[in-house]
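Here the structure is laid out as structure tokens; the discussion comes afterwards.
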Amino acid sequence: MLNLEKKLIELAGEEANAYYEQRYPLQAEKADLERRLMVMNTILEEMHAASGRVASYKPKFSLMDYQCPKCWVREEREAHLVEARESWSHSCPDCHTTYKLPTG
């Protein structure tokens, strides 16, 4: 084999090694994307489940005790709304959402 051919084979081997070493950042990025995809899939499943929770939502616990719709729909969690008499609004201390609700 000629010296030129040997040198080209050597260079090809070096190139292959250098190229192969670039896999680590790509593998790390791929793993990160897979983790993000799992999170997104979980959120999408929760969003899909939320539409079904509307059917089981009960706005009232008792005579003047109301349930936060956001906490129920998003997390299927009961949370009591607190009335602010001066502004005719109700707020949820759990999710910090305020609702302007009609009186009576």
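The table that follows gives values for the structure above.
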item: Angle in degrees between helix 3-21 and the longest Cα principal axis of the chain, rounded to the nearest 10; result: 10
item: Nearest 10 degrees, 0 to 90: helix 23-53 Cα axis against the chain principal axis; result: 20
item: Span from the region 29-97 Cα centroid across to the region 10-27 one, whole angstrom; result: 49
item: Relative contact order (%) - criterion: Cα under 8 Å, at least six apart; region: the chain; result: 12
item: Size of charge dipole - the chain - debye, nearest 20, with Cβ of Lys, Arg +1 and Asp, Glu -1, no other charges; result: 520
item: Candidate lysines for bridging to K70, where Cα separation is under 18 Å - those fewer than 8 sequence places away on the same chain excluded; result: K58, K60, K100
item: Stokes-Einstein translational diffusion, region 46-93 - Kirkwood Rh over all Cα pairs, 1.567 mPa s, 4 °C, in µm²/s; result: 115
item: Accessible area expressed per residue, the chain, with surrounding protein chains retained (probe 1.4 Å, Å²); result: 84
item: Longest DSSP-loop-exposure-free segment, chymotrypsin sites (Phe, Trp or Tyr not before Pro), the chain, at most 14 other Cβ within 10 Å; result: 1-56
item: Debye equation applied to the C-alpha atoms of the chain, log10 I(q)/I(0) at 0.18, 0.23, 0.24 Å⁻¹; result: -0.92, -1.15, -1.19
item: Carbon + sulfur, % of accessible area of region 35-104 - ligands and nucleic acids excluded, 1.4 Å; result: 60
item: Cβ charges +1 (Lys, Arg) and -1 (Asp, Glu), total dipole of region 1-44, debye; result: 180
item: Value of [θ]222 nm, deg cm²/dmol, for the chain, DSSP H segments ≥ 4, -39500 (n - 2.57) each, nearest 500; result: -18500 deg cm²/dmol
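The values are calculated or read from the model by the stated rules, or taken from the named source; none is laboratory data. As the structure is a computational prediction, the values presented were derived from the model and not from experiment. Backbone-built Cβ (ideal geometry, glycine too); neighbour counts: all protein chains shown. Heavy atoms of the whole protein, side chains included, go into the accessibility calculation; ligands, DNA and RNA do not. Shrake-Rupley method; radii C 1.70, N 1.55, O 1.52, S 1.80 Å.
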